[in-house]
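Report on the structure given below.
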Amino acid sequence: MQTDYIIVGCGLAGLSFAQILKQKQKSFVVIDNNQNKASLVAGGLYNPVMLKRFTLAWLADKQIPLAEQFYAEIEKELQISFDEKKPVRRLIHSAEEQNNWFQALDKPKVGQFLSDELIEFNHDQITCEYGLGEVHNSGRLKTQTLISGFIKNLEAHDRYLDQSFDHDQMIIEQDVISYKNITAKNIVFCEGFGMLKNPFFNYLPLAGNKGELLLIETSVLNIDFILKSNMFFIPLGGQHYLVGATYNREDLSPKPSEKGKSEIEKFLKRMLGDDYKVIEQRAGIRPTVKDRRPLVGTHPKHPKLALLNGMGSRGVLIAPYTAQILFDHLEFGKVIPEEMNLKRFN
């Protein structure tokens, strides 16, 4: 089998690169076994603002319009719905934070995404003396719906192999990459935290950051927007909410932990008292880099081997943006910006 590209991994990064190849009518095959996928357990949240200090997230003003169009095209093509556009409303905790919100509003780049006025929020359990600030162009991707629907479509067109990738079976030749019975012009690794097992790229400083979420049922919240305090409440419909997430750089096992659960429950009890029931706990390892920028580019000695990784907790917005940059580099030789180019660590 001859193809233009092999893609290893079908989380948000691999899926984004595959979608661009579809659009550009390039041939490809995706190899993945759906193991240890942060994308599948993620809350799927996206918003353009860093909500601690009300600053613009990295390149979010460029990423938002691209991502909105990108996911809309996939929804139309696959006839599925997974992009739930919902405002994020940040609980303002003090007069100082109120002041910071209105200062941010005066900065055009971030201000375009912030509500002009704070919203009153009256709730029996949740104290909201200073109001809620609303972030526009926000929402949640139902990542399981997206990824499973995308894989189903790949399988229907013989573009998907449900198996682990064995790096030892890859043969690098001058003009092609061979893997088992496949030859390709390029191979793109989108393995997330699994990159640490990739002998060609595991020299890169992918630290990993474990995130955990609780799926809860509660009758006392009754909101249809995403509420952000120290953690997020993400409404799923009915009385169900995803709550989290935690950040843990020490425990990098993919399994849910008691520590993660108790951290979220501590937050829940402060917000809702005992008026909730835990349905499920989820955990995944975010592929994070020490400088908080993605890893995009090619191997220093083997230019046919490419990498798309390090999306961190903002993969929904970063993945389509960086996938396009990598494609333009591999096909047209366009320069990858230094701040995301993996060569910064060579």
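The values are calculated or read from the model by the stated rules, or taken from the named source; none is laboratory data. The structure displayed is predicted, hence computed values, not measured ones. Here the Cβ positions follow ideal geometry from the backbone for every residue, glycine too, while neighbour counts run over all protein chains shown.
Close contacts from segment 93-121, counting a first residue that is closer than 20 Å to residue 60 by Cα and touching a residue at least 60 places away in the same chain (Cβ under 8 Å) and a second that is surrounded by fewer than 18 Cβ atoms within 10 Å (Cβ to Cβ) and hydroxyl-bearing (Ser, Thr, Tyr), with Cβ to Cβ under 8 Å and a gap of 6+ residues or different chains, come to 110/55. Can you pull out the residues in segment 306-321 that are in contact with a strand residue (DSSP E or B) (Cβ under 9 Å, 6 or more places away or on another chain), in a helix (DSSP H, G or I) and within 15 Å of residue 188 (Cβ to Cβ)? Passing the criteria: only 319.
Inspect all residues belonging to segment 52-71 and state whether any of them is touching a residue at least 60 places away in the same chain (Cβ under 8 Å), closer than 13 Å to residue 114 by Cα, over 17 Å from the mean Cα position of the chain (by Cα) and not in a helix (DSSP H, G or I). Scanning segment 52-71, I find at least one residue that is touching a residue at least 60 places away in the same chain (Cβ under 8 Å), closer than 13 Å to residue 114 by Cα, over 17 Å from the mean Cα position of the chain (by Cα) and not in a helix (DSSP H, G or I), so the answer is yes. Out of curiosity, is residue 305 touching a Phe, Trp or Tyr at 6+ places or on another chain (Cβ under 6 Å) and in contact (Cβ under 8 Å) with a residue 12 or more places away in the chain? Criteria met by residue 305. Is there a residue being in the same structural domain as residue 157 (by TED's automatic domain parsing), polar (S, T, N, Q) and closer than 23 Å to residue 170 by Cβ anywhere in segment 38-59? No.
Could you grab me the full set of residues in segment 171-212 that are of a type in the set (Asp, Glu) and in a loop (DSSP other than H, G, I, E, B)?
Scanning segment 171-212 gives 173, 175, 191.
Pick from segment 110-139 the residues that are in contact with an Asp or Glu (Cβ under 9 Å, 6 or more places away or on another chain) and modelled with pLDDT under 95: which of them is nearest to residue 314 (Cα to Cα)? Applying the filter and picking the extreme gives 128.
The set of residues in segment 213-247 being outside any loop (DSSP other than H, G, I, E, B) and at positive phi consists of 237, 244. Among the residues of segment 144-185, those identified as among the polar types (S, T, N, Q), under 21 Å from residue 195 (Cα atoms) and either over 25 Å from the mean Cα position of the chain (by Cα) or not assigned by TED's automatic domain parsing to the domain that holds residue 330 (or both) are 169, 178. For segment 194-205, the condition holds for no residue, the condition being that it is of a type in the set (D, E, K, R), buried (at least 22 other Cβ atoms within 10 Å of the Cβ) and within 30 Å of residue 28 (Cβ to Cβ).
Residue 133 meets the conditions (1) within 16 Å of the chain's Cα centre (by Cα); (2) surrounded by 17 or more Cβ atoms within 10 Å (Cβ to Cβ); (3) not in a helix (DSSP H, G or I) in every case but one. The failed one is (1).
Mind telling me which of the residues 20, 6 ends up being surrounded by 14 or more Cβ atoms within 10 Å (Cβ to Cβ), assigned to a helix (DSSP H, G or I), on the phi < 0 side of the Ramachandran plot and among the β-branched types (Val, Ile, Thr)?
20
Only one of the listed residues (341, 309) is under 25 Å from residue 254 (Cα atoms) and in the same structural domain as residue 189 (by TED's automatic domain parsing). That residue is 309. Take residue 208 and tell me if it is in contact with a Phe, Trp or Tyr (Cβ under 6 Å, 6 or more places away or on another chain) and of a type in the set (Gly, Ala, Ser). Yes, satisfied.
Restricting attention to segment 232-260, and to residues there that are buried (at least 18 other Cβ atoms within 10 Å of the Cβ) and among the aliphatic types (A, V, I, L, M), which single residue is nearest to residue 121 (Cα to Cα)? Among those residues, the one meeting the criterion is 234.
Quick one: in segment 261-283, of everything that is assigned to a helix (DSSP H, G or I) and touching a residue at least 60 places away in the same chain (Cβ under 8 Å), which residue is surrounded by the fewest Cβ atoms within 10 Å (Cβ to Cβ)?
272
Report yes if some residue within segment 99-112 is within 30 Å of residue 29 (Cβ to Cβ) and in a loop (DSSP other than H, G, I, E, B); otherwise report no. Checked segment 99-112: no residue is within 30 Å of residue 29 (Cβ to Cβ) and in a loop (DSSP other than H, G, I, E, B).
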